[in-house]
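First up is the structure itself, then whatever we jot down about it.
The values are calculated or read from the model by the stated rules, or taken from the named source; none is laboratory data. Fair warning: this is a prediction, and the values are worked out from it, not measured in the lab. With ideal geometry, Cβ positions are generated from the backbone for all residues, glycine too; neighbour counts draw on all protein chains shown.
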Amino acid sequence: MRDNRNLFSKSRYILSSCHLDSRVAEITMKAAEALPRIDPWRTLGYRSESLEKYLRQDDPNLYRFSVCNSENLAGIVCIRSPWLMGPFIELLAIFPAFQGRGLGGEIVAWLEMEAQLTSKNIWTTVSSFNESAASFYRKRGFFPVGWLRDLIRPGFDENLLRKVL
């Protein structure tokens with residue numbers, strides 16, 4: 001069994017349709033400006049300043065990766081680990097120009113492979129209004145385990161999802 005400290009220890013992961021790079025400093029501003037224009041961040045009223053702060057924060061348990069297709073920034077993924085016997089996908093965003101190409105599914109499959117030797121679960125949350133994200137995760141074996149009422153903003157609930165490994 002692998003040690004949890006070795007999860008996400010590489011700075012770059014090559015997947016078949018994209019690569020993940022942990023050196024996000026140079027793309028932080030671009031990602032922080034793009035996210036408030038797409039859901040769920042748009043509907044929840046996120047501002048680029050708060051997203052930039054989140055992406056830059058010093059947190060040894062938060063792994064941030066830019067998602068690149070060829071050399072183009074295609075999205076960003078942030079994973080908290082450890083978290084309830086498995087990693088937690090805090091943020092997975094594929095920018096609109098790159099959606100529908102399988103990048104998100106490939107990232108979830110990569111995370112499952114990375115985590116399966118040390119974890120029992122993969123977790124995430126989906127905003128109650130975000131049916132496309134809920135469908136995306138259902139297709140990948142996640143199921144709802146609870147509602148978190150008014151978690152981010154009053155009137156908006158988050159659905160806690162779990163995938164058992």
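Structure data summary
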| read-out | value |
| --- | --- |
| Tabulated pairs, segment 26-46, first farther than 11 Å from A93 by Cα, second aromatic (F, W, Y) and outside any loop (DSSP other than H, G, I, E, B), C-beta under 7 angstrom, 6+ apart or interchain | L44/F156 |
| Of all residues making up segment 39-74, the number that are closer than 22 Å to R101 by Cβ and surrounded by 16 or more Cβ atoms within 10 Å (Cβ to Cβ) | 10 |
| Criterion violated by S16 - all others in (1) surrounded by 14 or more Cβ atoms within 10 Å (Cβ to Cβ); (2) touching a residue at least 60 places away in the same chain (Cβ under 8 Å); (3) small (G, A, S) satisfied | (1) |
| Residue that is nearest to H19 (Cα to Cα) [pool: residues in segment 83-117 that are out of contact with any Ser or Thr (no Cβ under 7 Å at 6 or more places or on another chain) and among the β-branched types (V, I, T)] | I107 |
| Condition met for E90 (buried (at least 17 other Cβ atoms within 10 Å of the Cβ), acidic (D, E), out of contact with any His (no Cβ under 9 Å at 6 or more places or on another chain) and farther than 14 Å from A31 by Cβ) | no |
| Tally, over segment 95-127, of residues that are small (G, A, S) and closer than 15 Å to C68 by Cα | 5 |
| Condition met for V77 (among the β-branched types (V, I, T) and surrounded by fewer than 16 Cβ atoms within 10 Å (Cβ to Cβ)) | no |
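For every residue, the table says whether it meets (1) modelled with pLDDT of 95 or more; (2) assigned to a strand (DSSP E or B); (3) surrounded by 13 or more Cβ atoms within 10 Å (Cβ to Cβ); (4) of a type in the set (V, I, T).
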site	(1), (2), (3), (4)
V126	yes, yes, yes, yes
A133	yes, no, yes, no
R138	yes, no, yes, no
L151	no, yes, yes, no
D157	no, yes, yes, no
L160	yes, yes, yes, no
K163	yes, yes, yes, no
